[in-house]
Amino acid sequence: MVNFDDKRDFYRMMLNSDVTVTIIDDEANSQILATCRDLSATGMAIEMTHPLELNTHVKVSVRSASSNVQPLEVSGKIVRVTEEGEECFLIGINIAEID
C-alpha cells in the first residue's frame, strides 16, 4: 500500500528482536548475533557491532517471542552499511528468499 507519506511498496515493521546472521560467503559459515530493527517483505535492517562487506550473502534467523512459532529464516545480501556510532553499524539486507 503506497500513500503520500511513504512511497514504499511494502509496510516496514519496526522490531527490536535478536537475530542470528550466518555469513554464507565464507567457508566457515560464521554466525553473528545482531538486533533486527525493522523488517518488510523485501528487506530488513539489522544493528551489529562491526560492518559487513556489501554484496555479502547472508542467512538471517529471526526468533519468535513464542516457542510455538518457528523462527523466520530469510536469505539475502548486504546492500547498505551505515556507521551509526562507535561499534554500531546499521546493515541493510535485500531479502531474496524466505525459507
- Message: Just checking, does segment 79-93 include any residue being on the phi > 0 side of the Ramachandran plot and within 15 Å of the chain's Cα centre (by Cα)?
- Response: no
- Message: Anything in segment 52-71 that is surrounded by fewer than 17 Cβ atoms within 10 Å (Cβ to Cβ) and either more than 15 Å from ASP18 (Cβ to Cβ) or in contact with a Phe, Trp or Tyr (Cβ under 7 Å, 6 or more places away or on another chain) (or both)? List them, or say none.
- Response: GLU53, LEU54, ASN55, HIS57, ASN68, GLN70
- Just to be sure, is VAL74 part of a strand (DSSP E or B), modelled with pLDDT of 90 or more, among the hydrophobic types (A, V, I, L, M, F, W, C) and touching a Phe, Trp or Tyr at 6+ places or on another chain (Cβ under 8 Å)? no
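The values are calculated or read from the model by the stated rules, or taken from the named source; none is laboratory data. Everything numeric here is computed off the predicted structure, so don't read it as measured data. Backbone-built Cβ (ideal geometry, glycine too); neighbour counts: all protein chains shown.
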